[in-house]
Ligand SMILES: [Zn+2]
């Protein structure tokens, strides 16, 4: 298989990566204590399945301050944002916005549609949600929202992810990706949303990018879509059974 990553996306990501590198010293002291602070209950994500057991509310990291968010926004490449969107595209973003509100992330992230050709969604610096137009066109509102939930999940493992990336630890990066999938399932159980579109959304993105650009250069850092689907099914079953248990306990009271 040929290695043909989108040059535009690579350039965009490289530009972000160098800025993220500079920003790490600013963000790490902020993030690190959040995983060790007393009174937050058990927020340890030892394995992807533990994401189904943590309390999302109390374990959610505090948003960046306005100054920190402004610094992240200033670090973005100047070109590449798309603001002329169709009505359908705006409707999808409005659905995403409703989901972000359920996670107290409405307005916390600046949402930007960007022009690299790859179908890609990413959370930059815990402050900017980047969605390529290809992803916006390819995915349904529910699928896009499921992928965004995965990105919100990255906030819970931000420092571990950066450490694994810096160390080139592919197996740890894969584990953290699966942890974000499990966190997404837990977030998507919120009324009005659902985890069912998550695995199909990953498959649609992978298929599109493979067909148009070949195997990504950093493929070894991501779990295969089959593995993602298995984990998503497993976690959703765990959550469903615990919810049924909760319901029967409350009925007995
Ligand atoms: Zn991810």
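Answer rounded, prolate or oblate for region 97-229, using the Cα gyration tensor with square roots of eigenvalues a ≥ b ≥ c: rounded when a/c is under 1.5, else prolate when a/b is larger than b/c, else oblate.
rounded
Treat each spin label as a single point 7 Å out from the Cα along the C-beta direction, and report the residue 210 to residue 162 distance in nm.
Between residue 210 and residue 162, the label points sit 3.3 nm apart.
Hey, with R₀ at 30 Å, roughly what FRET efficiency would residue 242 and residue 94 work out to, going by the Cβ-Cβ distance, to 0.05?
E(calc), rounded to 0.05, equals 0.45.
Of the listed peptides 197-209, 175-187, what is their order by residue-averaged count of other C-beta atoms within 10 Å, with the highest listed first?
175-187, 197-209
Any chance you could run the full-extension gain for residue 133 through residue 50? It's 0.36 nm times the residue separation minus the Cα-Cα distance, nm to one decimal.
Gain on stretching residue 133 to residue 50: 26.5 nm.
Any read-out appearing in this document is the output of simple, stated calculations on the displayed coordinates, not a laboratory observation. The structure displayed is predicted, hence computed values, not measured ones. Here Cβ is always computed from backbone atoms with ideal geometry, including for glycine, and neighbour counts include all displayed protein chains.
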